[in-house]
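Here is the structure we will look at.
The values are calculated or read from the model by the stated rules, or taken from the named source; none is laboratory data. Keep in mind the model is a prediction, meaning the values are calculated, not measured. Methodologically, a virtual Cβ is constructed for each residue, glycine included, from the backbone with ideal geometry; neighbour enumeration extends over all protein chains shown.
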Amino acid sequence: MQWMTIGAFAKACRLSPKALRLYDELDLLRPARVDPDTGYRYYAAAQLERARLVAWLRRLGMPLALIREVCGLPAGRAAQEIRAYWARVEAETVVRRDLAAFLVDHLSGEETRRDTTTMLELRYAAHSDRGLVRPANQDTAYAGRRLLAVADGAGAAGDRASAAAVEALKFLEDEEFPAGGVLNLLEDAVRSAGAAVREVAGGSADIGTTLTALLWTGSRLALVHIGDSRAYLLRDGELFRITHDHTVVQSLIDEGRLAPEEADSHPQRMLLAKALSGGAEAVPDLKLHEARRGDRYLLCSDGLSRAVPDDRIRELLAGGTEPGDAVRVLAEEANAAGGADNVSCVVADVVAGVVAGVVADVGADVGADVVASAGPSVPAG
């Protein structure tokens, strides 16, 4: 057999030698032969088709872990996975496009000339359940006119850490939003939340909390996220996860060093890469989402997402129930799957509000502010 040097192979498949060495380490594209004395890599011409597929998928922006999965599938299944991946990319691109449009409008002064006759508002509910195994509930869930939040505490004072983080954001319910500065406002609020958690933790890095929150501006939702609680968007029957888990396992998956199906059995599956804690200050993710009438948002602790698959979450969210019923159905589903952890959910629907000065018929009144920790939801004081 005639071997191709790594340089010749790289030129033929349009992958750099550096990329080929990485793909060898990740078991994505092994060389056909390695010289036992020099360690030099050689490739066979028959490997070019797989290498070109890898190169094309990388140009799509597909993560290495997913590329490895796609390359191991029959052609028909691989095509389905690529189609599904691109649908997710397009949905995320819409969000970025909306953010770009907002920035253009804001910086050019066009924002003030928009048609604002149709108003949107939220109908929402929060619920938190101890589960069937844990002795106490360390989650906090909150839903209000502007603020939606879920925090999942950890450590000896985890319940107080999660409550402190959410409490530090509640001033946003009444805060005036500076034009174009809602993300800066939210970032400052999260710094205050981190300080509140550090005070509770007393310097202990073992005490902390996740925090996932959405702040409603009237047409957009500003998202802040740190940890492994999650935010989902149900739009036109499709479910999109709009947060990225800050866990050690997810980092390994992103780097292509761990297959997604191996995550549930990994010994570090519960280890967070980032959280609000008594340790060093961590940087959260911040995003802006354009809202549409009919959107449904879900915030949840990992007591739901680890117990209930995304496909089932989508079915339950799309079931036509009101937010108050939806949060309880989701918690019941997690408990039916074993209830191994506390489970907290916030569901918010984007509905029509005032149209040309008239209150639109939205079926039911938007709920009062709701806060939930151990036990059922209660009106906030």
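Worth a mention:
- Just one of the numbered conditions (1) under 26 Å from Ser251 (Cβ atoms); (2) in contact (Cβ under 8 Å) with a residue 12 or more places away in the chain; (3) surrounded by 14 or more Cβ atoms within 10 Å (Cβ to Cβ) is not true of Arg30: (2).
- Leu304 vs. criteria surrounded by 22 or more Cβ atoms within 10 Å (Cβ to Cβ), among the hydrophobic types (A, V, I, L, M, F, W, C), touching a residue at least 24 places away in the same chain (Cβ under 8 Å) and assigned to a helix (DSSP H, G or I): yes
- Meets criteria (in contact with a Leu (Cβ under 6 Å, 6 or more places away or on another chain), in the same structural domain as Arg292 (by TED's automatic domain parsing), outside any strand (DSSP E or B) and aliphatic (A, V, I, L, M)) for Leu215: no
- Candidates Gly153, Gly208, Gly227, Gly181: the one that is buried (at least 23 other Cβ atoms within 10 Å of the Cβ) and free of Cβ contacts under 8 Å to residues at least 60 places away in the same chain is Gly153.
- Selection status of Glu290, surrounded by fewer than 19 Cβ atoms within 10 Å (Cβ to Cβ), farther than 13 Å from Thr247 by Cα, assigned by TED's automatic domain parsing to the domain that holds Arg328 and in contact with a Gly (Cβ under 7 Å, 6 or more places away or on another chain): no
- The set of residues in the range 192-231 being out of contact with any helix residue (DSSP H, G or I) (no Cβ under 7 Å at 6 or more places or on another chain) and over 27 Å from Asp174 (Cβ atoms) consists of Gly202, Gly203, Ser204, Ala205, Asp206.
- Scanning the range 1-23 for residues that are buried (at least 16 other Cβ atoms within 10 Å of the Cβ) and under 20 Å from Asp254 (Cα atoms) yields a count of 5.
- Filtering Val347, Val343 for residues that are within 28 Å of Met119 (Cβ to Cβ) and of a type in the set (Val, Ile, Thr) leaves a single hit, Val347.
- Options Ala318, Ala331, Ala336; residue that is under 23 Å from Leu122 (Cβ atoms), among the aliphatic types (A, V, I, L, M), in the same structural domain as Ala126 (by TED's automatic domain parsing) and surrounded by fewer than 21 Cβ atoms within 10 Å (Cβ to Cβ): Ala318
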